[in-house]
Amino acid sequence: MPVPPILAITFDLDDTLWAIDPVIERAEQRMHAWLAEHYPRLPERYSVTALRTLRDDMLGLRPDLAHDLSALRLESLAMAAQRCGYGRDVAEGAFAVMLQARNEVELFADVLPVLTELSGRLTLGGLTNGNADIALVGLDGLLRFCTTAREVGVAKPHRGIFEAASSAAGVPPNQVLHVGDDPQRDVHGARAAGMRTVWVNRNGQTWPGGPPADAEISDLFGLLDLLEQGLI
């Protein structure tokens, strides 16, 4: 039985299209500086690291928000603000500062040329557990949609988010290719939903185990090669 052609590609965002760690570090530092200027009691009590730990601790208190990183961050900031004698509006203002900085990303050099090449041939979309905004990042002209865990209510590797992305693309899962850097969340999750998979291994990591992706690439130029040679 012939393999149906790929009609759509979904891309993970963080660490697939840009490096996320420096983005989050800068965003947290900017938020902390804003708090120091406007609401100093909070950053005097909580360092950048302490606020990050509080965000992680919030997951234990609110497991219902596991799919919504924005809500987890906002609720943890609200808790910190309350402990310092401030209102929730402080948390909302601080989070707005962080979210703006969080969307100031530096795309990997291969991203724009490859997405530009593919956007005229296939339906492209984003698929993320995070809270990046493709319009603020500047990719909304190339990615026709972005399916997020927050909107769907479940996070990768849950098959529900992949099925939602397939629906957004208007293409059955077996004609969607998912491209991402995380073996569990991206590769195993997409495969379970019936998609084909490409592992973006930019740092030369060893496959951690389990069924491998349909293909492995070190950058997105490799994706062009796979498609042009009919290898995926």
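The values are calculated or read from the model by the stated rules, or taken from the named source; none is laboratory data. Note that the structure is predicted; figures quoted are calculated from it, not measured. Every residue, glycine among them, receives a Cβ derived from its backbone with ideal geometry; neighbour counts consider all protein chains shown. Ligands, DNA and RNA are stripped out before the accessible areas are found, and what is left, the full protein with its side chains, is counted by its heavy atoms. Shrake-Rupley method; radii C 1.70, N 1.55, O 1.52, S 1.80 Å.
For the range 122-147: of the residues being of a type in the set (Val, Ile, Thr) and out of contact with any Lys or Arg (no Cβ under 7 Å at 6 or more places or on another chain), which is farthest from residue 161 (Cα to Cα)? Among them, the one singled out is 137.
Of all residues in the range 105-145, exactly one satisfies the criterion of being more than 27 Å from residue 68 (Cβ to Cβ), among the acidic types (Asp, Glu) and open to solvent by 40 Å² or more (accessible area, probe 1.4 Å), namely 117.
State all residues of the range 79-111 that are of a type in the set (A, V, I, L, M) and within 17 Å of residue 58 (Cβ to Cβ); if no residue qualifies, say none. Hits for the range 79-111 are 79, 80, 81, 90, 91, 94, 98, 99.
If only residues of the range 62-88 that are assigned to a helix (DSSP H, G or I) and without any contact (Cβ under 8 Å) to a residue 12 or more places away in the chain are counted, the one that is most open to solvent (accessible area, probe 1.4 Å) is 82. Which of the residues belonging to the range 124-134 are outside any helix (DSSP H, G or I) and not polar (S, T, N, Q)? Once the filter is applied, which keeps residues that are outside any helix (DSSP H, G or I) and not polar (S, T, N, Q), the range 124-134 yields 124, 125, 126, 127, 130, 132, 133.
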